Amino acid sequence: GCAVVVREASMKALIFANGEPNNGPMVQRALSQARDDASYIVIAADGGARIAGYFGLKIDQLVGDMDSLTADEVAAFTRDGVHVHRFPPEKNQTDLELALYQAREDGCEWIRIVGGLGGRFDQMMANVYLMALPELADCDLEMVAGKQSLRILHPGLHSISGAPDDTISLIPLKGDVTGIVTDGLQYALHDETLSFGPARGVSNVMQAATASVSLASGLLLLV
């Protein structure tokens with residue numbers, strides 16, 4: 001399976017976005033990790049409620065403008081005890097963005113987003129960029145889909161857990177990323193810069209079950 005960064009976290013949240021289920025090993029791993037915490041919560045971003053239903057999960061909170069659900073569906077969730085946070089359609093935040101803020105308000109530091117990839121490309125890009133919100137910088141946050149996991153790496157040292165031959169891509173966001181040092185990857189970086197644009201950081205390979213990436217400045221998308 002693909003690699004993930006492992007950090008200690010407290011309360012856990014599964015957030016289901018309005019996209020495709022993209023079931024697979026990384027999604028199942030996230031669901032299993034959440035279930036390890038008896039207090040984990042399930043938050044659906046509007047139509048993400050159907051994605052949660054696909055996986056047979058009961059929703060604790062429903063967030064959004066409800067333009068992707070029918071009135072009957074919303075009423076049924078309300079009858080089932082789901083806490084519905086309804087927002088007007090004329091809002092500046094996407095439903096997933098609101099769901100992420102809700103998870104933070106609820107004290108969640110471990111968050112996995114399911115259903116955020118697939119469908120409209122603009123929404124997929126926006127969903128990925130949401131992970132770089134400053135309010136989420138101290139979270140153990142990933143977006144999972146199929147065999148893939150996506151994470152934002154901020155300056156500092158990051159430990160990666162996976163398996164030999166897992167594919168790792170490091171993609172600069174928000175401009176150039178400097179001072180990158182990797183350990184345990186086939187194509188090593190030694191205090192180097194990955195520039196925004198060129199695809200130099202794509203398709204590296206883990207040499208063992210663990211690796212590490214550190215960076216001095218900028219933001220990296222780890223896939």
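Summary table
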| item | result |
| --- | --- |
| Residues (open to solvent by 30 Å² or more (accessible area, probe 1.4 Å) and either more than 22 Å from Asp106 (Cβ to Cβ) or modelled with pLDDT under 60 (or both)) located in the range 3-20 | Val6, Arg7, Glu8, Ala9, Glu20 |
| Count of residues meeting criterion [in a helix (DSSP H, G or I), open to solvent by 10 Å² or more (accessible area, probe 1.4 Å) and hydrophobic (A, V, I, L, M, F, W, C)] in the range 97-154 | 7 |
| Count - residues of the range 156-166 that are closer than 21 Å to Asp191 by Cα and open to solvent by 20 Å² or more (accessible area, probe 1.4 Å) | 4 |
| So Thr182, is it open to solvent by 30 Å² or more (accessible area, probe 1.4 Å), farther than 27 Å from Asp36 by Cβ and part of a strand (DSSP E or B) | no |
| Unmet criterion (only one of (1) under 15 Å from Asp95 (Cα atoms); (2) touching a Phe, Trp or Tyr at 6+ places or on another chain (Cβ under 9 Å); (3) open to solvent by 10 Å² or more (accessible area, probe 1.4 Å)) for Phe55 | (1) |
| Test: residue in the range 38-47 that is more than 30 Å from Gly162 (Cα to Cα) and either in contact with a Leu (Cβ under 9 Å, 6 or more places away or on another chain) or open to solvent by 10 Å² or more (accessible area, probe 1.4 Å) (or both) | yes |
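The values are calculated or read from the model by the stated rules, or taken from the named source; none is laboratory data. Everything numeric here is computed off the predicted structure, so don't read it as measured data. No Cβ is skipped: glycine too gets one built from the backbone with ideal geometry, and neighbour counts run over all protein chains shown. In case anyone asks, the SASA skips ligands and DNA or RNA and just uses the protein heavy atoms, side chains included. Shrake-Rupley method; radii C 1.70, N 1.55, O 1.52, S 1.80 Å.
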